[in-house]
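See below for the structure under consideration.
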């Protein structure tokens, strides 16, 4: 990838410092309506050079529409999209220095893997003698060098996914758009591909914009995440920021699960894994811990952890995750419909902004 | 109890239908045979048998005096075909016009089918479907006669040309007339399969081509055309074979010098009473179609089906 102008830092530089990186993609006041329904409104985004940026949200939240507007498949009703300062809002897809990995991969079924990967180079009139090398290089990157002569129908889902990736990155675009690329794969393969995608992104240094509805995937891979809901961006930030300091109840519950409690006229958020459960009242420093009792309703063994559901005296329901560490577990000491004690450190409770 | 009797699975009852259903479930081949018995019987008895009879009778001859069929093997019919000064000419005319009609219909049908499948909104698409299929609701003869009214010497076309101050077009009763009328009549048979093929191409393929830098022409040439090929081939089999076998349009709009293979077959069966010779000539379109399919297959036209 020596010819790639985007490759600024060596692959080993795993800790990215993106705060100082220049803005590559800018969306300003993007609006999009379809016959009476609002798909996207008031979307403002700055995506930096080299960033792994994720649009996270449920279906119909506007994340895919926003991605498709960056690709050029949809035209915004209002607003502007720039790449490196140049306005691309009115450019057709084939004039944009952007490539897409489609949800259904969209591999051309009548072409071999190599022909699929070469398609973009041929369309851009790359010198014929350079094409085979670049195709081979891209296939090597996704570890499919030996599959060049196969047809897409002769590949597994995971292999097709990687061909789609190679077909996009071979063009060295400024931005790579990925539309739920792992959605059709099973869990094990998905986790493998998450690692692969991060590796490839570090190697080529291309800015990734990644669309997913899977919060775990977003947390694992992203430098920053924009959480979409109802056509708007609810919150934007690093995975840790979004998890620890969600701006809204929606974000709190979309990224992981949360207990939202009404106390003293305010909404408090406590993550289930931060709560302890005890058969008897624990002895704790009341200055820094909150302790109260409740009735245990459900105990569910999940494998890595045990899930408890407790009803508190004010009627609210509390979800608790207890790690199944070796030996001692509360599970064997508590019984359903009996009273238990719950506690959490005050530092773990987070007040939701009003 | 009454409830027990209402439950069908409660007690096994011996109805013949039930045992039949179970037998079919146990042996899927039985079910398949039941499905195919009717159509296969039809195909073998009526279609293949007729075709075989035709093929065999092509090697018989007719006694010139008695007019009776002589059941002894001979290649005379085929020799007569090849050595004649008329029949090769007729065969070439038939095949040539069938080719021209097929090409014309591909050129006309492809943009229309593309528009219907990918651009038109549902209402417009339904309207276009109706317009494409409407001619099939009326009689074939009526439509060919309508074209006779248009193309003849004092027809609508020439009236129109004269109104514009242009010279008359001498299209009526020529090969040009047959080309126009055949292209018109078989057009729906080309539009439908191409429409089906284009409609089946996922939209993301076209987006992917654009995304990779492919402008309209490249997308058409490299993605749409190869994937629509099975539809084009299917349509061309219709237009080609329907034109090859026709004998009505040549009579009505082609005039005296425009005989098709079908007309020779017709006159040999009906007038000359020489069924073996008619059969021999009728094998020509059959062989041409076989060659056509073979070439299409060689070109990979069926691979994406």
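The values are calculated or read from the model by the stated rules, or taken from the named source; none is laboratory data. Keep in mind it's a predicted model, so treat the numbers as computed, not measured. Virtual Cβ from ideal backbone geometry, glycine too; neighbours counted across all protein chains shown.
Being part of a helix (DSSP H, G or I) and away from chain B (no Cβ under 14 Å) is the filter here, so list the residues in the range A:151-160 that pass it.
Correct list: A:157, A:158, A:159.
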**OP:** Look at residue A:111 and say whether it is modelled with pLDDT of 95 or more and either more than 26 Å from the chain's Cα centre (by Cα) or not in a loop (DSSP other than H, G, I, E, B) (or both).
**Re:** yes
Original post:
Can you spot a residue in the range A:101-120 that is more than 20 Å from residue A:165 (Cβ to Cβ), more than 14 Å from chain B (Cβ to nearest Cβ) and without any contact (Cβ under 8 Å) to a residue 60 or more places away in the chain?
Top reply: no
**OP:** Scan the range B:53-90 for residues that are touching a residue at least 40 places away in the same chain (Cβ under 8 Å) and surrounded by fewer than 11 Cβ atoms within 10 Å (Cβ to Cβ) and jot them down.
**Re:** B:67
Subject >> Sole exception among (1) assigned to a loop (DSSP other than H, G, I, E, B); (2) modelled with pLDDT under 90; (3) in contact with a strand residue (DSSP E or B) (Cβ under 8 Å, 6 or more places away or on another chain) for residue A:331, by number >> reply: (1)
Subject >> Residues (touching a residue at least 24 places away in the same chain (Cβ under 8 Å) and either in contact with a helix residue (DSSP H, G or I) (Cβ under 8 Å, 6 or more places away or on another chain) or not assigned by TED's automatic domain parsing to the domain that holds residue A:30 (or both)) located in the range A:81-100 >> reply: A:81, A:94, A:96, A:98, A:99, A:100
Subject >> Where residue A:168 falls short, out of the listed (1) buried (at least 18 other Cβ atoms within 10 Å of the Cβ); (2) assigned to a loop (DSSP other than H, G, I, E, B); (3) within 12 Å of another protein chain (Cβ to nearest Cβ) >> reply: (2)
Original post:
Only one residue in A:182, A:178, A:197 is in contact with a strand residue (DSSP E or B) (Cβ under 8 Å, 6 or more places away or on another chain), away from every other protein chain (no Cβ under 14 Å), surrounded by 16 or more Cβ atoms within 10 Å (Cβ to Cβ) and under 26 Å from residue A:82 (Cα atoms), so which one is that?
Top reply: A:197
Subject >> Single residue of the range A:43-74 satisfying the filter (over 13 Å from the mean Cα position of the chain (by Cα) and in a strand (DSSP E or B)) that is nearest to the other protein chains (Cβ to nearest Cβ) >> reply: A:47
Subject >> Boolean, residue A:89 is outside any helix (DSSP H, G or I), modelled with pLDDT of 95 or more, more than 9 Å from every other protein chain (Cβ to nearest Cβ) and within 27 Å of the chain's Cα centre (by Cα) >> reply: yes
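Okay, residues lined up against (1) touching a residue at least 60 places away in the same chain (Cβ under 8 Å); (2) out of contact with any helix residue (DSSP H, G or I) (no Cβ under 9 Å at 6 or more places or on another chain); (3) surrounded by fewer than 12 Cβ atoms within 10 Å (Cβ to Cβ); (4) not in a helix (DSSP H, G or I):
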residue: B:258; (1), (2), (3), (4): yes, no, no, yes
residue: B:265; (1), (2), (3), (4): no, no, no, no
residue: B:269; (1), (2), (3), (4): no, no, no, no
residue: B:272; (1), (2), (3), (4): no, no, no, yes
residue: B:276; (1), (2), (3), (4): yes, no, no, no
residue: B:279; (1), (2), (3), (4): yes, no, no, no
residue: B:284; (1), (2), (3), (4): yes, no, no, no
residue: B:289; (1), (2), (3), (4): no, no, no, no
residue: B:294; (1), (2), (3), (4): no, yes, yes, no
Subject >> Of all residues making up the range A:125-142, the number that are assigned to a loop (DSSP other than H, G, I, E, B) and either touching a residue at least 24 places away in the same chain (Cβ under 8 Å) or crowded, with 16+ Cβ neighbours inside 10 Å (or both) >> reply: 2
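Inspect the range B:216-225 for any residue being in contact (Cβ under 8 Å) with a residue 40 or more places away in the chain and either more than 17 Å from the chain's Cα centre (by Cα) or closer than 22 Å to residue B:284 by Cβ (or both) and give the result as yes or no.
Within the range B:216-225 (the criterion being in contact (Cβ under 8 Å) with a residue 40 or more places away in the chain and either more than 17 Å from the chain's Cα centre (by Cα) or closer than 22 Å to residue B:284 by Cβ (or both)), the answer is yes, since at least one residue qualifies.
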**OP:** Assess whether residue B:180 counts as being away from every other protein chain (no Cβ under 14 Å) and buried (at least 17 other Cβ atoms within 10 Å of the Cβ).
**Re:** yes
Subject >> Options B:236, B:241: the member that is in a helix (DSSP H, G or I) and either surrounded by fewer than 21 Cβ atoms within 10 Å (Cβ to Cβ) or within 14 Å of another protein chain (Cβ to nearest Cβ) (or both) >> reply: B:241
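Can you tell me which residue is surrounded by the most Cβ atoms within 10 Å (Cβ to Cβ) among those in the range B:189-208 that are part of a helix (DSSP H, G or I) and within 14 Å of chain A (Cβ to nearest Cβ)?
B:208
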Original post:
Of B:169, B:109, B:146, B:113, which residue is surrounded by 12 or more Cβ atoms within 10 Å (Cβ to Cβ) and part of a loop (DSSP other than H, G, I, E, B)?
Top reply: B:169
